[in-house]
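Taking it in order: structure first as structure tokens, then the write-up.
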Amino acid sequence: MASGSEIGTLKRFMRDGSLKSLFGCGSGRRKAAEDEPASIPRLSPIANSVVSRCSRILLLSTEMLRQCFETDLPAEVKQPTMYARHLLEYCCYKALQVLTDHPDYLADKDFRRLTYDMMLAWEAPGEGNESLSKETTSCYHLEVEDEDEASLFYTNSTCLAVQVLQVDDKKTVGLQAFSRIASACPAIADLITVHNLCDALTISSSGQLHFLIYDKYLKSLDKVLKSAKSIIWSPLASSLHLSDGEMILDVDGVMPTQPVLQHIGISAWPGRLTITTHALYFESLGVGSHDKALRYDLAADLRQVVKRELTGPLGARLFDKAVMYKSTSLAEPVYFEFPEFKGHSRRDYWLAIIQEVLQVHRFIRKFNLEEIQQGEALSKAALGIFRYRAVKEAFHITPYHFKMTLAFNLAEKLPKGDIILDALYNHLELLHTGYQSHFVSDSSSDKSFQALSLPSSSYTLFKMGLLRRKNRITERDFLVAGVCIGATSPLEMAVKESLCHSEIAEAACATVDQVKVEGIDRNIAVMQELLYPVVESGKRLHFLATWEDPFRSTFFLVLILYLAYRDWVRHILPCIFLSLAIFMLWHKYCSKKKHLGAFQIKSPPTKNAVEHLLTLQDAIAKVETLVRAGNIFLLKLRFLLFAAIPKATDKVAFTLIMVAALIAIVPFKHLIMLVVLEAYSREMPLRKKSSEKLTRRLKEWWARIPAAPVQLIRPEDNKKRK
């Protein structure tokens, strides 16, 4: 193992030089090292090539690196069946620990090529896994970065000749290889979202990642990070007076041709919108400059609500291109509109990143994180937003819902996402563990595996010049166990468990989307067919209550009264639930139809747009009538409650006293018998005439009760521009 002084010398060399020096790269073809690293017999050619490059980066021979692996890790990791892969992981993680300390490693094409080769080697780490011929195991490995340049690496001390192996652009890597390697670099991927990130990058290649796509993603990410760095150190950051640790994540509306419109009430102003790790800042466009920024807090618990919304001129809801922000600190909601000719991708992007900032602060408040853990959580969210933006700009896609690549937003949406947040909290507790490796336990097997400490998200942003802090961040203070060799970390296990449930939920959501129908008449037809058993049961009860068949009505009344008298009414609901359970179990185990067929519904006659509008108008009118009737009922009750009519109030109060006495004195089963007997026998021939007369008198009495007065007050016009 390299000593601490050697590691320090290496890092000073990295700060003064470049990553190409570590790879032994110059322009054109590179020379092999004077000390030729020996190959490891158990490894495949591509794995030996990767290990040899890792040994150069670590200033160790391959044999010494293998001995470190033998010494540092427990016996469970060194089982023969998985020895090659675990050794490869150990070498890769150690090398990435050094490489990611360089602030500009994403811009280096040798780094991009090496990390992709690590993924290829992870999929075929041992002998017999590689399609290359045996002769190539003892020769230089020349890998083409582009058409004009290649990187030469030496893989065996017994090499007799140099053979050039062209990189096969058709080679791809899968999800597991990408997640194991990419998640070791905090800027490239995150443990929570690495699966969704891979899905986004392989959406057009059936889950297999090509190097060209991977390379394009890293270039886009490097561009986004450099753009963010230029904004953070620009006059804009100074004008906003950001707090310590507050970082600008993105800015929109910089170009006058693509402004962001802020709507408050019926007024709208163009301007520039900035989002940081703590707030939104809107600067209205003035004459030649921007006005003072209005700050909308995202960090404090102000019961913020952020959602998509329709906006338009003078408050009209016309265009689906806006984000609504509402909190207890505002008198009315604020709408940010993102105009564009086609679609609403700008709005969707901003909605996602605003929600991510809100969710990370809710996570911080929920677990009451300390300052260092708060900074790490905010940095994880910031890097997630930068990755989300890089994918959007490179491939013009914005993953959403269960495929979201924003960690805290995803945890909120995924089934059992709270387990992920719990595991993340325990993960953040590992900060301050020091530079050395340490062991963690695998809950599934009572075994311990080594977890290598990697730079945290906070340290990554600081090294890249994206995080401004008064107190200098040291690497020792911001190392956290990122990956476990030969095991799955608790955070990874929580993510995998949640993803398994999300696949089931996603399949269920797909069926929901398939059965959605358009049109009020069609939805009513579907509901009527689904509620047919309930409707028919109601019709039968109404038939019995009308006494059209006296024999059946009498039998039903006697049955209900007998059940109430024997106090069996309380068993009716359990019997219903038990019957439903037996019905479902019978269909599960005894029914021959294992697949549920389509529910056939007779479609109503098709209607044109005008007919649909008339149907909608009629439905709205009916709803308005019901609401108006409810308001009148409540206003009459208000009149009675406040004794505006003393005589009517006396009658109501006396009736309530009598009912209260009956409930307090008469046994409950007798009350049920009285209520059933009174309600069920109203249409009985012996009582029908008197019941109709009583109902008429009650209606007449209710009609004489006036409604309490209502006065509508026009709100003050406080929507003037502040």
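Taking the range 575-620, how much of its Cα-Cα pair set, in percent, is spaced more than 17 angstrom apart? Taking all Cα-Cα pairs of the range 575-620, the fraction more than 17 Å apart is 64 percent. If the segment from Ala679 to Thr695 were pulled out straight at 0.36 nm per residue, it would be longer than the present Cα-Cα gap by 4.5 nm. Rule-of-thumb check for the range 37-81: C-alpha Rg over 2.2 N^0.38 Å? That works out to 1.15 for the range 37-81. Exceedance of the 23 Å cut-off in Cα-Cα distance is limited, within the set Lys226/Lys392; Lys229/Lys392; Lys219/Lys463; Lys669/Lys689; Lys413/Lys496; Lys216/Lys392, to Lys669/Lys689.
Per residue, the convex hull spanned by the Cα atoms of the range 624-722 amounts to 201 cubic angstrom.
Scalar couplings 3J(HN,Hα) for the range 325-336, obtained by applying the Karplus form with A = 6.51, B = -1.76, C = 1.60 to θ = phi - 60°, are 10, 9, 8, 5, 7, 10, 6, 8, x, 10, 10, 10 Hz; x denotes Gly and Pro.
Backbone geometry of the range 698-708 corresponds, through the Karplus equation with coefficients 6.51, -1.76 and 1.60 at θ = phi - 60°, to 3J(HN,Hα) couplings of 5, 5, 5, 5, 5, 5, 7, 7, x, 8, 5 Hz, x marking Gly and Pro. Rounded, prolate or oblate: which fits the range 288-344 when a ≥ b ≥ c are the square roots of the eigenvalues of the alpha-carbon gyration tensor, with rounded for a/c under 1.5 and prolate only if a/b beats b/c? Oblate, because a/c is 1.5 or more while a/b does not exceed b/c.
Taking the square roots of 5 times each eigenvalue of the Cα gyration tensor of the range 238-366, largest first, gives ellipsoid semi-axes of 22, 18, 14 Å. The length gained by stretching the chain between Lys651 and Asp215 to full extension, at 0.36 nm per residue less their Cα-Cα distance, is 148.6 nm. Distance from the Cα centroid of the range 321-381 to that of the range 230-257 is 16 Å (rounded to whole angstrom).
Close amide-amide hydrogen proximity is noted between Ser39 and Ser157, each under 5 Å apart and 5 or more residues distant or on a separate chain (H modeled in the peptide plane; Pro and chain starts excluded). Along the range 265-274 the Karplus relation, 6.51 cos²θ - 1.76 cosθ + 1.60 evaluated at θ = phi - 60°, assigns HN-Hα couplings of x, 9, 9, 9, 9, x, x, 10, 10, 10 Hz to successive residues, with x for each Gly and Pro. Shape descriptor for the range 536-656: Rg over Rh equals 1.15 (Cα atoms; Rh from the Kirkwood inverse mean 1/r). The order of His361, His595, His401 by accessible area, most exposed first and with a 1.4 Å probe, is His595, His401, His361.
Taking amide H positions as modeled 1.01 Å from N, with prolines and chain starts lacking one, the residues under 5 Å from Lys307 and 5 or more places away or on another chain are Met324. Quick one: pull the percent of accessible area on the range 291-439 belonging to carbon and sulfur, 1.4 Å probe, ligands and nucleic acids left out. That share works out to 54 percent. Once backbone amide H atoms are built at 1.01 Å from N, Trp233 has no partners under 5 Å, excluding neighbours fewer than 5 places away on the same chain. Qualifying trypsin sites (Lys or Arg not before Pro) in the range 598-631, where qualification requires a DSSP coil assignment and no more than 16 other C-beta atoms within 10 Å, comprise Lys602, Lys607. All alpha carbon pair distances within the range 278-437 were sorted into 10 Å bins beginning at 0; the resulting P(r) in whole percents reads 9, 32, 35, 17, 5, 1, 0. If R0 equals 30 Å, the separation of the Cβ atoms of Gln514 and Leu559 corresponds to a calculated FRET efficiency of about 0.10.
Here the label points at Lys307 and Ala643, each 7 Å from Cα along the C-beta direction, are separated by 4.4 nm in the simple model. Take 696-703, 461-468, 563-570 and order them by the average number of nearby Cβ atoms within 10 Å per residue, most first; the result is 461-468, 563-570, 696-703.
For Leu613 and Lys292, a Förster radius of 56 Å and the Cβ-Cβ distance give a FRET efficiency of 0.75, rounded to the nearest 0.05.
The values are calculated or read from the model by the stated rules, or taken from the named source; none is laboratory data. Keep in mind it's a predicted model, so treat the numbers as computed, not measured. As a convention, Cβ positions derive from the backbone with ideal geometry for all residues, glycine included, and neighbour counts pool all protein chains shown. SASA here: full protein model, heavy atoms, side chains in, ligands and nucleic acids out. Shrake-Rupley method; radii C 1.70, N 1.55, O 1.52, S 1.80 Å.
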